[in-house]
Every structure is written in structure tokens, then in C-alpha cells.
Amino acid sequence: MLELLAGAQFAAMIVLLIAAFITFIRLAKGPKLADRVAALDLLAVIFIGMMLLHTISTGEQVYLDAVMVLAMISFIGTIGFARYIIHERERS
């Protein structure tokens with residue numbers, strides 16, 4: 001049973017790495033600022049998932065604090081970018 005869990009964690013980490021790579025390409029290419037903001041938010045969610053997988057595999061709960069802080073900062077940053085985009089559209 002333990003080998004099955006380790007295999008599933010490894011497979012999930014590979015999928016998350018592939019998703020992070022594809023998302024990073026979208027972040028670099030754009031073409032609009034809103035696309036980049038969405039990609040940056042998705043990248044933060046992917047890294048949160050990676051940190052949670054690491055927490056599960058090591059069994060150390062101290063990483064959960066880092067996950068919570070990253071999630072809050074990501075949320076606040078996305079809200080800030082959205083307000084900036086709305087402000088720029090109203091100004092134009």
C-alpha cells in the first residue's frame with residue numbers, strides 16, 4: 001500500500017511539473033497582460049500543490065504554514081493585478 005502511495009505522489013509531481021512548464025510558456029508569451037496574470041496565478045496554485053505533495057510525502061506539517069502564506073499572497077496579488085487592469089482600462 002505504501003508503494004502505491006509513493007507512486008501516486010511521484011506521478012502527481014510529474015504532472016504538476018509538466019503543468020508548471022506549460023504555464024510558464026504562457027506566462028512568457030502572453031499575449032495580453034490578463035493572460036500573464038492568469039498564468040502567474042495558476043503557477044502559484046501549481047507550486048502550492050507541489051508543496052502539499054511534499055508535505056504529504058515527508059509527513060512534516062511545518063510546510064502547511066508556508067502553503068497558507070503562499071496562498072494568501074497569491075490571492076492578494078491576483079486581486080491587485082485585477083484592480084490594476086481595471087484601472088488601466090478605465091483610464092484609456
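Where a number appears in this text, it was derived from the coordinates with a stated rule and is not lab data. None of these values were measured; they are calculated from a predicted model. Cβ: placed from backbone, ideal geometry, glycine included. Neighbour counts: every protein chain shown.
Assorted remarks:
- Between helix 33-58 and the chain there is an angle of about 20 degrees, using the helix long axis and the longest principal axis of the Cα atoms.
- Charge dipole (the chain, unit charges on Cβ, about Cα centre) - positive-most of Phe10, Met51, Ala34: Ala34
- Sorted into 5 angstrom bins from 0, the C-alpha pair distances of the range 2-91 split as 3, 14, 19, 19, 18, 12, 8, 5, 2, 1, 0, 0 percent.
- Across the range 13-30, coupling constants 3J(HN,Hα) worked out from phi with the 6.51/-1.76/1.60 Karplus curve, θ = phi - 60°, read 5, 5, 4, 5, 5, 5, 4, 5, 5, 5, 5, 5, 5, 5, 5, 6, 7, x Hz, and Gly and Pro carry x.
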